[in-house]
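The structure appears below as structure tokens.
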Amino acid sequence: MNTKRLSSKMEKALSQQMNVEDLQSRVYLSYGIWASDEGYGGISNFLFRHAQEERNHSIKFMQYILNRGGKPTIDALPNPGPEPKNLVECFDLVFKHEVDNTTKIYTLVDLALQEKDWATWNFLQWFVKEQIEEETLAMSLIDKLKIAGGDRATDESLFNLDKTLEETPDDAPLARDATGENPL
Ligand code: OFO
């Protein structure tokens, strides 16, 4: 008996996204290695933690496909791409990767809607929310670096930024949790 509860098209699309999340993880690992090599221990720690989050996302896709009776495929991953030239470029690239990934998640949501696959649509809403958090987090990196002086930041402000990012929580606060007493 065929127990698969995903269309073949959806199974393939989710499997591709599992690999995309894995690639995201490797991109952040490569940026973390670059940052560590440049002497930014706190920033590399932040990026390594983020790499782990992306790997967790990949596992969520893997497990969902399996739960729905499908079979994910591990693809060969492309090179994570060139390393950043400086911190401004690094944070701009982090933001770009997140926005690109949001577009991919939205494409999957669109497919779930077209297929009336409400279970997958529901599963994907976790990722829609997660991408809001991750884009907010990436924007905050750009803002923090801007306040520190951007590409004219002094060694002292970069030292402080590096320390701050070591302690920055992995999740950004969401507007839906804001109140008058606690505007976040
Ligand atoms: Fe997987 O969330 Fe970022 O990309």
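The values are calculated or read from the model by the stated rules, or taken from the named source; none is laboratory data. Here the structure is a predicted model, which means the values were calculated and not measured. For neighbour counting, all protein chains shown are included, and Cβ atoms are generated from backbone atoms with ideal geometry for every residue, glycine included. Just the protein is used for accessible areas: all its heavy atoms, side chains included, with ligands, DNA and RNA removed. Shrake-Rupley method; radii C 1.70, N 1.55, O 1.52, S 1.80 Å.
The table below lists the values:
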read-out: Rg and Dmax of the chain, Cα atoms only, in Å; value: 18.3, 66
read-out: Residue 178-residue 71 FRET efficiency (beta carbon distance; Förster radius 30 Å; 0.05 resolution); value: 0.10
read-out: Residue-wise HN-Hα coupling along the range 66-75, computed from phi with Karplus coefficients 6.51, -1.76, 1.60 (Hz; x: Gly, Pro); value: 4, 4, 8, x, x, 9, x, 10, 7, 8
read-out: Most mobile of 138, 172, 76 in a GNM of the chain (Cα contacts under 10 Å); value: 76
read-out: For the chain, accessible area per residue (1.4 Å probe, heavy atoms of protein chains only), Å²; value: 57
read-out: Carbon + sulfur, % of accessible area of the range 8-169 - ligands and nucleic acids excluded, 1.4 Å; value: 55
read-out: Reduced Cα scattering model of the range 5-103, Debye log10 I(q)/I(0), q = 0.19, 0.22, 0.23 Å⁻¹; value: -0.87, -1.06, -1.13
read-out: Highest-MSF residue in the chain out of 35, 112, 51 [GNM, Cα springs under 10 Å]; value: 112
read-out: Residue 86-residue 2 FRET efficiency (beta carbon distance; Förster radius 41 Å; 0.05 resolution); value: 0.15
read-out: Accessible area of residue 104 in the full protein assembly, 1.4 Å probe (Å², nearest 10); value: 90
read-out: Of 74, 142, 132, the one that fluctuates the most in a GNM where the chain has Cα springs shorter than 10 Å; value: 74
read-out: Extended-chain gain in nm, criterion 0.36 nm per residue less alpha-carbon gap, residue 99 and residue 119; value: 4.8 nm
read-out: For the range 35-81 and the range 5-25, distance of Cα centres in Å; value: 13
